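Taking it in order: structure first as structure tokens, then the write-up.
The values are calculated or read from the model by the stated rules, or taken from the named source; none is laboratory data. Every value quoted in this text rests on a predicted model; they were computed, and no experiment measured them. Because the Cβ atoms are built from the backbone with ideal geometry, glycine has one as well, and the counts that use them run over all protein chains shown.
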Amino acid sequence: MTSDHIMPVTSVWLTCQTLARDQRRGRYVPQTSSHPGKMLPNLAAHAINSFTTPSDLVLDPMCGSGTTLVEAMHLGREAIGIDIEPRYADLAEANVDLAASQGAAGTAKVLTGDATALLDLVPASAVGRVGLVLTSPPYGRGTHGLVKATSTGVRKRDHLYGDRERGNLAYAGWSRLLDGFATILAASYELLRPGGSVVITCRPVRRQRDDLIDLPGELLAVAQSVGLVPVQRCAAMLAAVRDGQIIHRASMFGLMAVRRARTEGVPVHLIAHEDVLVLRRS
Ligand SMILES: C[S@@+](CC[C@H](N)C(=O)[O-])C[C@H]1O[C@@H](n2cnc3c(N)ncnc32)[C@H](O)[C@@H]1O
């Protein structure tokens, strides 16, 4: 990584003062919990509020459960979302329908497909009209998911992305993930209007105990390579801040992994924020 890819944090977004499940309650269908890598609704809403105005077009080329679309609709924006897994596209569609039934002022369209062929998927009318691309790539086959205690022990569920469709970046190695993401960003660039923004949320990934991958730095380099200009690097809190103290919201598995690593002498910390990279089409 060169010094071009290092940016200081410009602001901290208080996006987790309320628990994630309370942010979603009543606003998302209950099956949304089945998606293993959802964005915080408050994070999506803050990004959309900050970088678009009402009736702007917002795109999420890897929309998962549809958080970007739902928050865009409630803020009176138009949105397009794509996911390669049909079951997540169906989930996003169900969340879009719920937002519409609740009187959201905007509308959203969900497409199923491989976003590396973005320009073949979206309507031609979207070219040069997108005000904001808001997205988060999958990094790895899954996350901590949900935990249930049973008589035989603790079970995880909904922690893996499901289908290994060709092109599913959740199952790609690092270089294919970065190449695929570069292709998606290059097409997104074509869809953006001049001055339009790209917001990418991600975090460093620990693969082996002592092998920390700087995914935000890698994605920033990829975004710059397709011509996007970095304008801000922010931290979106995954923890609450109360009376000057950080109240963590880590899962039991997150806590256990940190404790185990520390017992083995690896000085890891609980993750309390997500990196937010903000770039612009010049
Ligand atoms: C981190 S998740 C996005 C979660 C979403 N922001 C939400 O709040 O639910 C990444 C998504 O990318 C999808 N995906 C992976 N490869 C893809 C591709 N080539 N084209 C489109 N979607 C893809 C996965 O199915 C997954 O749902």
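Tell me, yes or no, whether the range 247-260 has at least one residue that is farther than 21 Å from residue 12 by Cβ and either modelled with pLDDT of 95 or more or of a type in the set (Phe, Trp, Tyr) (or both). Yes, that holds for at least one residue. Residue-level check: of (1) basic (Lys, Arg); (2) modelled with pLDDT of 95 or more; (3) under 18 Å from the mean Cα position of the chain (by Cα), residue 129 misses just (3).
Of all residues in the range 70-85, count the ones that are more than 7 Å from the ligand (Cβ to nearest atom), in contact with a Gly (Cβ under 8 Å, 6 or more places away or on another chain) and not in a helix (DSSP H, G or I). Full working, then the answer.
Start the filter on the range 70-85 by keeping residues that are more than 7 Å from the ligand (Cβ to nearest atom), which leaves 70-81.
Remaining after also requiring in contact with a Gly (Cβ under 8 Å, 6 or more places away or on another chain): 72-79, 81.
In the following step, the residues that additionally are not in a helix (DSSP H, G or I) were identified as 75-79, 81.
Final tally of qualifying residues: 6.
Let's see how each residue does on (1) crowded, with 17+ Cβ neighbours inside 10 Å; (2) of a type in the set (Ser, Thr, Tyr); (3) in contact (Cβ under 8 Å) with a residue 60 or more places away in the chain:
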residue: 212; (1), (2), (3): no, no, no
residue: 228; (1), (2), (3): yes, no, no
residue: 231; (1), (2), (3): no, no, no
residue: 240; (1), (2), (3): yes, no, yes
residue: 247; (1), (2), (3): no, no, no
residue: 252; (1), (2), (3): no, no, yes
residue: 257; (1), (2), (3): yes, no, no
residue: 262; (1), (2), (3): no, no, no
residue: 269; (1), (2), (3): no, no, no
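From the list 47, 94, which residue is assigned to a helix (DSSP H, G or I), in contact (Cβ under 8 Å) with a residue 40 or more places away in the chain and surrounded by fewer than 23 Cβ atoms within 10 Å (Cβ to Cβ)?
Numbers: 47 fails: surrounded by fewer than 23 Cβ atoms within 10 Å (Cβ to Cβ).
94 is the lone residue from the list that is assigned to a helix (DSSP H, G or I), in contact (Cβ under 8 Å) with a residue 40 or more places away in the chain and surrounded by fewer than 23 Cβ atoms within 10 Å (Cβ to Cβ).
Let's see how each residue does on (1) out of contact with any Asp or Glu (no Cβ under 9 Å at 6 or more places or on another chain); (2) farther than 23 Å from residue 168 by Cβ; (3) away from the ligand (no atom under 12 Å from the Cβ):
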| position | (1), (2), (3) |
| --- | --- |
| 30 | yes, yes, yes |
| 34 | no, no, no |
| 39 | no, no, no |
| 47 | no, yes, no |
| 52 | yes, yes, yes |
| 56 | no, yes, yes |
| 63 | no, no, no |
| 68 | no, no, no |
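Evaluating residue 36 against the criteria (1) at pLDDT below 95; (2) more than 16 Å from the chain's Cα centre (by Cα); (3) assigned to a loop (DSSP other than H, G, I, E, B) leaves one unmet condition, (2).
Of everything in the range 86-124, what is among the polar types (S, T, N, Q) and within 14 Å of the ligand (Cβ to nearest atom)? Give them in sequence order. Outline the logic, then answer.
Kept after step one, since they are among the polar types (S, T, N, Q), are these residues of the range 86-124: 95, 101-102, 107, 112, 116.
Result: 95, 112, 116.
Give 216, 194, 138 a once-over and let me know the one that is in contact with a strand residue (DSSP E or B) (Cβ under 6 Å, 6 or more places away or on another chain) and modelled with pLDDT of 90 or more. Explain how you work it out, then say what you get.
Working: 194 fails: in contact with a strand residue (DSSP E or B) (Cβ under 6 Å, 6 or more places away or on another chain); 138 fails: in contact with a strand residue (DSSP E or B) (Cβ under 6 Å, 6 or more places away or on another chain).
Exactly one of 216, 194, 138 is in contact with a strand residue (DSSP E or B) (Cβ under 6 Å, 6 or more places away or on another chain) and modelled with pLDDT of 90 or more, namely 216.
Scanning the range 12-24 finds one or more residues that are assigned to a strand (DSSP E or B), in contact (Cβ under 8 Å) with a residue 60 or more places away in the chain and surrounded by 14 or more Cβ atoms within 10 Å (Cβ to Cβ).
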